[in-house]
Amino acid sequence: MSTEHTILLVEDNPKDVFLVQRAFRKANITTLVQVVSDGDAALQYLNGEAPYSDRATYPLPVFVLLDLKLPRRSGAEVLAWIRQQPQLRRLPVVALTSSREYTDVNRLYDLGANAYIAKPPDFDQLVDILKTLNLHWITYNEKPQLGLM
Amino acid sequence: MILIVPQTQFRRRLTRAIALPIVLLLLLSGISIWQTTRLLSALDWVDHTSRVISQANSAQNLLLDMETGFRGYLLTGEQEFLEPYEQANRLIEPRLEELKTLVSDNPSQVERVVELTASFQRWEQQVLPAIARRQRGELEPLSDLRGRKQIMDQMRQQIAAFISTEERLRNQRSQTAQATTQSVILTSLLLAAGIGAMLAYFIYRQILWVSRVYKDALQTAQLRTQEAEQSAISLQRSARRLAALHDIDRAILAAELDRPLIGKALTKMRQVVKFQQAFVAIFDLETETAQVLASNSQVGELALPVGTRLTVADFALEQTMLNGVRYVQNLSTAEACPPVLVQLRAQGFLSCLSVPLRVDHTLVGELNLASTEPAAFDEEAQEIAFEVANQLAIALEQTRLRTQLQNYAALLEQRVSDRTAQLEETNQELEAFTYSVSHDLRAPLRTIHGFANALIEDCGEQLDDLGRNYIASIMEDAAQMNGLISDLLNYSRLTRTQISLQPTKLAEVVEDALKQLTAQIQEKQAQIEVAAALPGVMAHRSTLIQAVTNLIGNAIKFVEPTTQPQIDIFAEETYHNGRRWIRMWIVDNGIGIAPEHQERVFRVFERLHGAESYPGTGIGLAIVRKGLERMGGQVGVESQLGRGSRFWIALPMAVPPSHNLTHDPTPPNSSY
């Protein structure tokens, strides 16, 4: 069942990408994780633009794991853009970032983030978090319809 | 009081006015009594003498009666004729005796009476035998008759002498009495006249004095009345003047700008001083220029319109201007006028009053009053002009100071905004730094930790124990550093974040804190006793949870390794500065803190123990203190080394939510 779903990870740091992917493996989550490394790429992916125009290869994600500090277009801008897209505005977005600043937290919620998670320093905690996210957003959560006005 | 006569003097005069007539009258009475007595005594003597004479006459008559009776008896021999003799015989001796007594004061007369008595006795001695003889019928010898006649004649002579002596005496005494009467009358008249004159003089003196006193008083009163009238008049004038000056004052206070202010002052001044034109020129001594700032005219065009630019020298030499009011009574006859006065003269003005405007001996301008009449400004006008000039000088100075102050204020404001901008910049830098720390500094730590973890999990089997220990150390330190950064960020966030105080239940806060500490509590098997009913306080919930978590965490952490942590949490109500406070105690059985270190533990990075015995960042209590400070509360500790610690936090008691407080001691630009 989980193979039907895709998670979009927006993260510029390849080491973090590696660790997140490893944590997914450790958490025994088989959900497909698509990775884009900057804000613009995230927009292209979600918009189905090249090089992500093939929805079979790059399906719409069930939720987005969004880093905030990104090259070119920041995580906040990506989120703001998503919330402005009629087809995408219901897409769950989970901010995953190293900042615990209230400014960041509040701004992200203001922009319509569904969750805000600070990257844990401990790898095991990251595994726990990903397990929880999987349970919440994929196993139990009722998914919204996307692309329907 | 108008009659200013010393009271003692007045009383003395009054006493004299009463006493002197009394004394004089007493004297007059005394003299009159004495005179009268003298007169009476003189009259008495006259009377006495008359009585003596009448007695003497009576005695003479008795003697005659006796002789007549005796002769008749001798002739007739009848007893009936003898009767007058016998009657007189009974009276004669006492009468003579009486006469003697009456004239006892006069020895010669007494002598006469004695002689008369002796004569009578001799006569009687001859009468008695004669009577006896007649009774016997014998005849009287002629010799006897002659003898008796002789004695009788002698007696008659004696009495006559006596009487004539007395009569002389009487005349003499009558004269004396008369003289006394005259002298009494005369002296009485003289005395009366003298005393009358004295009294008259005295009364005249008194009346003169009183009238003079009253005249003086009257004059004084008149003078006073005149003075009062004059002062009433001058009071009226000065009241009018004061009112005008007061108006000028008000104008000075009300007007902000120099020009309207001076204009108003000049208009007001016209109410008390008669002038046709007035203007105020302001001097700039540095450039030697002057400018007419405001003027006031009653007649046509202004001699010097507002804005006219002149030089200071046009008015007069600076030094002469400083000396005071310059008054030219008649411009047409004045010599060596400064250009301004020449201009006024050309306009037909005849008198001019120039008053310098001075501030602390510095000339700032001049007030000029001009009139088309000569000698138009009396002394009072000069005084008023002087006062107005002083007021204007002060007003001008005030304007200058106000401008200066405004400039200063603007400068200060500029500085403040500069500083604020600097602060904002610094703050932004600080925020950027914090952000960077929170993001970028932790990212490599996370990767270090993550990859070390991956290394030990994925390749752990290929490593020996030493290698695995190395990796464990790397992970430990990464975790430690992460904790440090995390605590620092918490601390800095506390100083920068705006927090709002809400009624917060301590019971829930403690519950939350204990939940966060579950792992430590289980690890150390800590026994935690929480009092049943913890009250509500005014606090920022998450900050308070963090503080309480740190305090309970410390209580669990800082115990001897062999000791089971025992923690009591309870609260009490206190009063401080008229407010109700809640003080919550967290009492442990830990290692305690020596008194000298009790203040240090609340500072950032202050650690009392090595990380190996009691791990930590040394920021926990600093976070507690900062958090409590931000919420307007306090934190403290009572402890003894080895006897546990009693930490307390104090916060204001909860008030209903409608009274929410926003507690924000940080500058507004640092909050977000």
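Descriptive notes on the structure:
- Of the residues making up segment B:139-146, not a single one is part of a helix (DSSP H, G or I) and in contact (Cβ under 8 Å) with a residue 40 or more places away in the chain.
- Close pairs from segment B:29-51: first modelled with pLDDT of 90 or more, partner among the small types (Gly, Ala, Ser) and surrounded by 13 or more Cβ atoms within 10 Å (Cβ to Cβ), Cβ under 9 Å, at least 6 apart: none
- Some residue of segment B:465-477 being under 60 Å from the mean Cα position of the chain (by Cα), farther than 18 Å from residue B:567 by Cα and within 10 Å of chain A (Cβ to nearest Cβ): no
- Any hit, segment B:490-503, residues being within 14 Å of chain A (Cβ to nearest Cβ), under 22 Å from residue A:127 (Cα atoms) and β-branched (Val, Ile, Thr): no
- Contact annotation: residue pairs with Cβ atoms under 8 Å, 6 or more positions apart or on different chains, pairing a residue in segment A:20-47 that is over 19 Å from residue B:447 (Cβ atoms) with a partner that is part of a helix (DSSP H, G or I) and among the aromatic types (Phe, Trp, Tyr), are A:31/A:24; A:34/A:45; A:36/A:45; A:43/A:81.
- You will find that of B:406, B:498, the residue that is within 60 Å of the chain's Cα centre (by Cα), more than 30 Å from residue B:272 (Cβ to Cβ) and surrounded by fewer than 12 Cβ atoms within 10 Å (Cβ to Cβ) is B:406 and no other.
- Flag for residue A:82 being among the aliphatic types (A, V, I, L, M) and within 14 Å of chain B (Cβ to nearest Cβ): no
- Scan segment A:113-127 for residues that are in contact (Cβ under 8 Å) with a residue 24 or more places away in the chain and more than 24 Å from residue A:48 (Cβ to Cβ) and the total you get is 4.
- No other residue among B:43, B:28 is under 28 Å from residue B:100 (Cα atoms) and surrounded by 14 or more Cβ atoms within 10 Å (Cβ to Cβ) apart from B:43.
- One residue alone among B:332, B:371 is at negative phi, surrounded by fewer than 18 Cβ atoms within 10 Å (Cβ to Cβ) and not β-branched (Val, Ile, Thr), and that residue is B:332.
- Output for segment A:48-81, where each listed residue is touching a Gly at 6+ places or on another chain (Cβ under 9 Å) and free of Cβ contacts under 8 Å to residues at least 12 places away in the same chain: A:54, A:55
Residues checked against (1) under 16 Å from the mean Cα position of the chain (by Cα); (2) over 30 Å from residue B:472 (Cα atoms); (3) within 14 Å of chain B (Cβ to nearest Cβ):
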{"residue": "A:56", "(1), (2), (3)": "no, yes, no"}
{"residue": "A:70", "(1), (2), (3)": "yes, yes, yes"}
{"residue": "A:93", "(1), (2), (3)": "yes, yes, no"}
{"residue": "A:110", "(1), (2), (3)": "no, yes, yes"}
{"residue": "A:117", "(1), (2), (3)": "yes, no, yes"}
{"residue": "A:128", "(1), (2), (3)": "no, no, yes"}
{"residue": "A:137", "(1), (2), (3)": "yes, yes, no"}
{"residue": "A:145", "(1), (2), (3)": "no, yes, no"}
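- Within segment B:479-554, strands (runs of 3 or more DSSP E) holding 3 or more residues that are at pLDDT 85 or above and closer than 13 Å to residue B:584 by Cβ: B:536-539
- Looking only at segment B:420-458, and only at residues there that are exposed (fewer than 14 other Cβ atoms within 10 Å of the Cβ) and small (Gly, Ala, Ser), the one that is farthest from the other protein chains (Cβ to nearest Cβ): B:421
- So residue B:405, is it more than 14 Å from chain A (Cβ to nearest Cβ) and closer than 30 Å to residue B:304 by Cβ: no
- When residue B:563 is tested against (1) in a helix (DSSP H, G or I); (2) away from chain A (no Cβ under 12 Å), exactly one condition is not met: (1).
- Some residue of segment A:14-29 being at pLDDT 90 or above, away from chain B (no Cβ under 14 Å) and outside any loop (DSSP other than H, G, I, E, B): no
The values are calculated or read from the model by the stated rules, or taken from the named source; none is laboratory data. Note that this is a predicted model, so its numbers are computed, not measured. Please note: Cβ atoms are built from the backbone with ideal geometry, for glycine as well, and neighbour counts cover all protein chains shown.
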